[in-house]
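Laboratory data are not the source of any read-out in this text; all were calculated from the coordinates shown. Treat the numbers as computed from the prediction; the structure is a model and nothing was measured. Reconstructed Cβ throughout: ideal geometry from the backbone, glycine too, with neighbour counts over all protein chains shown.
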Amino acid sequence: MSNPDATKDRLIEAAGREFAEKGFEAARIRTICERAGANLAAVNYHFGDKEQLYRVVLLEAYRRRSTTVTPELGDLPPAEKLRGFIRFFFEQVVVGEDEGGWQTPLIMRELFHPTAALDEVVGRWIRPRFELLRSIMREIRPGADERRLTVLCFSVVGQCLMYRMTRQVSGRLIGPENLASLDAEYLVDHVATFTLAALGLGPAAGLDETPEG
């Protein structure tokens with residue numbers, strides 16, 4: 001006798017690969033079921049319809065890529081909170097490998113070609129992180145208006161995401177070995193130091209390193 005939970009898990013894995021490769025519109029339920037070794041009725045039984053299957057798979061992609069929604073920063077000084085947030089963002093979003101290889105491609109596809117599921121993703125995962133970053137920026141720049149706080153937050157996130165979204169181009173620009181040398185610890189320190197210096201919180205230490213040799 002088949003295990004319903006095992007069938008559901010196989011459908012999620014198969015759908016994750018199918019949606020990541022083709023997007024929501026082009027993906028076919030028949031192909032997903034064939035990949036999962038399940039009959040066509042299984043999707044309706046476990047998820048209701050294609051839209052709900054996609055929603056579940058997209059949320060699962062975010063869950064696997066992130067161990068928690070926001071970091072615990074406690075009563076750290078604002079500058080250290082910002083550094084802690086940047087470290088958290090790198091660990092949860094920028095670095096690391098996907099389980100099964102489909103989570104990040106699916107997330108990127110959703111961001112560039114959004115579906116109705118994006119509203120829930122923003123509410124559950126993206127907005128809480130953005131509001132935390134905004135609160136940190138408000139501590140650093142208490143006199144800034146909301147527009148300024150917004151672009152400061154976008155600037156931090158943009159610096160981080162660049163290292164996730166441009167890997168293929170970056171590798172061709174500077175070579176795979178040079179790209180590999182930009183490990184997470186180095187990049188976290190760079191983005192944090194660069195941002196804090198721009199905000200007037202400390203000297204631009206580390207930004208004027210003299211090349212070796």
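Observations on the structure shown:
- Two-decimal log10 I(q)/I(0) for the chain, as the Debye equation yields it once each C-alpha is a single scatterer, q = 0.11, 0.14 Å⁻¹: -0.65, -0.93
- With Cα atoms, 0 to 90° folded angle of helix 127-140 axis to the chain main axis: 10 degrees
- Loop-located chymotrypsin sites (Phe, Trp or Tyr not before Pro) in segment 1-109, at most 15 other Cβ atoms within 10 Å (DSSP): none
- Listed by Cβ neighbour count within 10 Å, with the fewest neighbours leading, SER135, SER181 appear as SER181, SER135.
- Between the exposed loop cleavage positions of the chain, defined as GluC sites (Glu not before Pro) in a non-H, G, I, E, B DSSP state with at most 10 neighbouring beta-carbon atoms within 10 angstrom, the longest gap is 98-208.
- Spatial separation of Cα centroids for segment 103-179 and segment 34-96, in angstrom: 14 Å
- Anisotropy class of segment 1-68 from Cα gyration tensor, a/c 1.5 cut: oblate
- Bridgeable lysines around LYS50 (alpha carbons under 19 Å apart, same-chain partners fewer than 8 residues away excluded): LYS8, LYS22.
- Taking the C-alpha atoms only, the angle from helix 78-89 to the longest principal axis of the chain is near 30 degrees.
- Using the Karplus relation 6.51 cos²θ - 1.76 cosθ + 1.60 with θ = phi - 60°, the per-residue 3J(HN,Hα) values for segment 44-49 come to 5, 5, 8, 10, x, 6 Hz, with x marking Gly and Pro.
- Going from the residue with the fewest nearby Cβ atoms within 10 Å to the one with the most, LEU118, LEU149, LEU173 rank LEU173, LEU118, LEU149.
- Semi-axis lengths, Å, segment 78-191, gyration tensor of Cα atoms, sqrt of 5 times eigenvalues: 25, 20, 12
- Against the chain, whose longest principal axis is taken from its Cα atoms, helix 146-165 shows a tilt of about 70°.
- The chain, relative contact order [Cα under 8 Å, separation at least 6], %: 20 percent
- Relative contact order, whole percent, for segment 1-122 stands at 31, derived from Cα pairs under 8 Å and 6 or more residues apart.
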